[in-house]
Amino acid sequence: MPELPEVETTRRGIAPHVQDHNIEAVRVRQPRLRWPVPPDLADLLVDRRVQSVARRGKYLLIGFEHGTVLVHLGMSGSLRLVPEALPPARHDHLDLVLDSGLALRLTDPRRFGAVLWQPLGAVHELLASLGPEPLSDTFDAACLQRACKGRRSSIKQVIMDSKVVVGVGNIYANEALFAAGIHPKRAAGRISPQRLARLVDEIKGVLARAIEQGGTTLRDFVGGDGKPGYFSQELAVYGRAGDACVRCRETLREIRLGQRSTVFCPKCQT
DNA sequence: CTAAGGACCTGTCGGC
DNA sequence: TGCCGACAGGTCCTTA
């Protein structure tokens, strides 16, 4: 998926076209996403006005007066604004038709994404136990130190755990660990507080820079306005196994951690 | 509680 | 050219 920067880029792209607009129709072509699309979604949304477009972790939150639509893009999802009458392609599963003649269209080949409804006053279970936002002040050195204390699993798996901090996916976990000089496999509980503090800074830095550049384009990702991101040009390790380390020219190595591809510099990361 | 592995689904790529 | 396995941005759920 889209990692957090991609989701934020999407949010910024779609917000001006969606906020303060009325939903005229909801067209669900494929309700079988990761969880079924609520069958009554049209009843809930038609003739209602979008009040806000926010984000929590990798969830997009489309706010109405009586509740919130949660959209997760899974591994391969994207949202775009299209002319309402544009014929849907194979994996275009859902449209929110707006009063402007545009439709917010969800495309998701792998269908790991989700569209859910959260009534006003309720907190959806999926959001209930999420950790802090990585770019907020709540996510600081003390916070990561607490999360790592006593944990034997690798630091990479800990920072990718959404209960610890949200929005750090595989690409940015690799990049942040490289930037911080920490070996991805190192046991989280055996890293000094100073190095964890550094890691917090690097996570924030990598994510902030990626958002500035509109995310990382891999394969089919496009932001809400259809423009690709450019952060892929800045990736130091992800997708570069076998290449030379940008810092010391050592050959970058690839291993598997939790079934995810993990690339690091054996010399710079310890 | 933690940790590890499977599950969901489709598309693409490399190797034979 | 065609087929087959491995792998891809996520993360919940089950099992140990």
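The values are calculated or read from the model by the stated rules, or taken from the named source; none is laboratory data. Keep in mind the model is a prediction, meaning the values are calculated, not measured. Heads up, the Cβs are rebuilt from the backbone with ideal geometry, glycines too, and the neighbour counts pull from every protein chain shown.
Given the options A:Val206, A:Val222, name the one that is at pLDDT 95 or above and either hydrophobic (A, V, I, L, M, F, W, C) or under 30 Å from A:Leu104 (Cα atoms) (or both).
Of the residues listed, the single one that is at pLDDT 95 or above and either hydrophobic (A, V, I, L, M, F, W, C) or under 30 Å from A:Leu104 (Cα atoms) (or both) is A:Val206.
Which residue pairs have Cβ atoms under 6 Å apart, sit 6 or more places apart or on different chains, and have a first residue in region A:1-20 that is under 19 Å from A:Val50 (Cα atoms) and a second that is near DNA strand C (Cβ under 9 Å from one of its atoms)?
Within 6 Å, the pairs are A:Val7/A:Lys58; A:Thr9/A:Gly215.
Just the residues that are assigned to a strand (DSSP E or B) and polar (S, T, N, Q), please, taken from region A:1-49.
A:Asn22
Pull out all pairs, ordered by first then second residue, where Cβ-Cβ is under 8 Å, the residues are six or more apart or on different chains, the first lies in region A:254-270 and is acidic (Asp, Glu), and the second is in a strand (DSSP E or B).
That search, which allows pairs on different chains as well, returns A:Glu254/A:Ser261; A:Glu254/A:Thr262; A:Glu254/A:Val263.
Please work out if A:Pro16 is under 27 Å from A:Gly167 (Cβ atoms) and modelled with pLDDT of 95 or more.
yes
Condition first: basic (Lys, Arg) and at positive phi. Now tell me which residues in region A:235-251 satisfy that.
Within region A:235-251, A:Arg249 is the sole residue that qualifies.
Does region A:243-261 hold any residues that are in a loop (DSSP other than H, G, I, E, B) and more than 13 Å from DNA strand C (Cβ to nearest atom), and which are they?
A:Asp243, A:Cys245, A:Val246, A:Arg247, A:Cys248, A:Arg249, A:Glu250, A:Leu252
Scan region A:126-170 for residues that are more than 14 Å from the chain's Cα centre (by Cα), near DNA strand B (Cβ under 10 Å from one of its atoms) and among the charged types (D, E, K, R) and report the count.
Result for region A:126-170: 4.
Given the options A:Gly74, A:Gly67, name the one that is at positive phi, surrounded by fewer than 20 Cβ atoms within 10 Å (Cβ to Cβ) and touching a helix residue (DSSP H, G or I) at 6+ places or on another chain (Cβ under 9 Å).
Selected residue: A:Gly67, the only one of A:Gly74, A:Gly67 that is at positive phi, surrounded by fewer than 20 Cβ atoms within 10 Å (Cβ to Cβ) and touching a helix residue (DSSP H, G or I) at 6+ places or on another chain (Cβ under 9 Å).
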